[in-house]
Structures are given as C-alpha cells and as structure tokens.
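In what follows, a structure is listed as structure tokens, so that the remarks can point back to it.
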Amino acid sequence: MKKWFIGVMFLCVLIIPFATGVLAEESIESKKDIVDTAVDAGNFKTLATALEKAGLVDSLKGDGPYTVFAPTDEAFEKLLKDLNITAEELLARKDLKDILLYHVVPKKVMAKDLKDKMQVDTLAKKKLDILLDPVRVNDANVVQADVAASNGVIHVIDKVLLPK
C-alpha cells in the first residue's frame with residue numbers, strides 16, 4: 001500500500017507541472033488580439049493584407065470588444081473568381097474599407113448569443129442577418145465559431161460579405 005501511495009504521489013508530481021504549463025500556454029494565447037489571432041491561424045493571409053491596406057489593423061488591435069466574421073483565404077479566392085478580378089484589384093477598391101468593416105460588429109457576440117433571424121449592426125453602419133441551423137451570416141456559413149481573442153471573438157466564415 002505504501003508503494004502504491006508513493007507511486008500515485010510521484011505521478012501527481014509529474015502531472016501538475018505539465019497541467020499548469022498547459023494552462024499558462026492557453027492564457028498566453030488568449031492575450032492575442034483579433035489581428036494576431038487571425039494571422040497566427042494561417043488561413044487569413046488575404047484578410048490580414050486587406051486590413052493592412054485599408055488601415056484597419058490598429059483599430060482591430062484596440063480595446064474592442066469586437067466580433068469579426070472572418071473570411072478564409074479560400075473565401076477570398078472564391079470572391080476573386082466570382083468578380084473576375086485579381087487580388088491586387090480587390091485591394092485597390094475604393095470600398096475595401098467598407099467591405100471589411102461590414103465584417104465587424106462593435107461588441108462581443110458569442111455563438112450562444114445568436115438568435116435565429118436576428119440582425120447585428122456592423123462598423124460599416126449596415127446590418128448583418130443571422131440565421132441558425134445551420135449558422136449563417138447573410139449567405140455565408142459559419143465554419144468555426146467562438147475563436148477567442150483578447151479584444152473580442154472571431155467567427156470563421158466561408159464567404160466574403162459584400163455590403164448591400
């Protein structure tokens with residue numbers, strides 16, 4: 001019995017530092033803002049470039065809170081194909097900033113806060129329509145919800161939203 005108790009205690013001594021290290025790593029990651037979280041994810045290169053071109057990086061690194069419906073690189077590729085333009089032409093559009101602001105809600109909205117047929121105001125001064133089952137924003141599917149950031153939340157979508 002004494003050997004068993006010593007074995008369990010030894011195991012606990014090994015596990016506790018690992019567990020606290022994991023928690024420490026998670027809290028470090030949660031300190032990343034929306035922009036850094038998106039950049040680190042690796043599948044938002046076009047979005048990051050567009051935010052920089054439109055002069056919105058500093059704003060989205062601010063206190064917030066913000067909710068960003070973030071289109072993936074694939075979503076941007078589809079938009080380019082649908083509009084028959086290049087990435088350079090998209091980045092040169094006069095309405096690029098408005099397109100990007102249409103993806104940002106000036107408060108933190110988690111998936112659990114969404115209601116079917118609700119509308120949310122964006123920084124572009126236009127509304128987004130939310131539908132549930134499946135979760136959609138206008139006509140874009142939410143493919144990953146509730147990606148935490150220090151100044152808000154990201155919901156990954158499969159289509160670039162264009163203001164109406």
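Structure above, values below:
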quantity	calculated
Boolean, Ala92 is exposed (fewer than 14 other Cβ atoms within 10 Å of the Cβ), over 16 Å from the mean Cα position of the chain (by Cα), farther than 19 Å from Thr37 by Cβ and not acidic (Asp, Glu)	yes
The lone exception for Ile130 - which of (1) under 17 Å from Leu47 (Cα atoms); (2) assigned to a strand (DSSP E or B); (3) out of contact with any His (no Cβ under 7 Å at 6 or more places or on another chain) it fails	(1)
Matching residues in the range 31-50 - criterion: being over 15 Å from Thr67 (Cα atoms) and not charged (D, E, K, R)	Val39, Ala41, Gly42, Asn43, Phe44, Thr46, Ala48, Thr49, Ala50
Pair list, Cβ under 6 Å, 6 or more apart: the range 144-164 residue outside the structural domain of Asp113 (by TED's automatic domain parsing), other residue of a type in the set (Asp, Glu) and outside any strand (DSSP E or B)	Pro163/Asp98
All positions within the range 132-164 that are acidic (Asp, Glu) and over 21 Å from Asp98 (Cα atoms)	Asp133, Asp146
Residue within the range 18-33 that is closer than 28 Å to Val120 by Cβ, under 14 Å from the mean Cα position of the chain (by Cα) and modelled with pLDDT of 95 or more present	no
The listed residue being without any contact (Cβ under 8 Å) to a residue 24 or more places away in the chain, under 16 Å from His155 (Cβ atoms) and in the same structural domain as Val39 (by TED's automatic domain parsing), out of Leu80, Leu60, Leu114	Leu114
Unmet requirement for Val68, which otherwise passes all of (1) more than 13 Å from Ile34 (Cβ to Cβ); (2) outside any helix (DSSP H, G or I)	(1)
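The values are calculated or read from the model by the stated rules, or taken from the named source; none is laboratory data. All of these numbers come straight from a predicted model, not from anything done at the bench. Ideal geometry is used to build each Cβ from the backbone, glycine not excepted, and the neighbour counts take in all protein chains shown.
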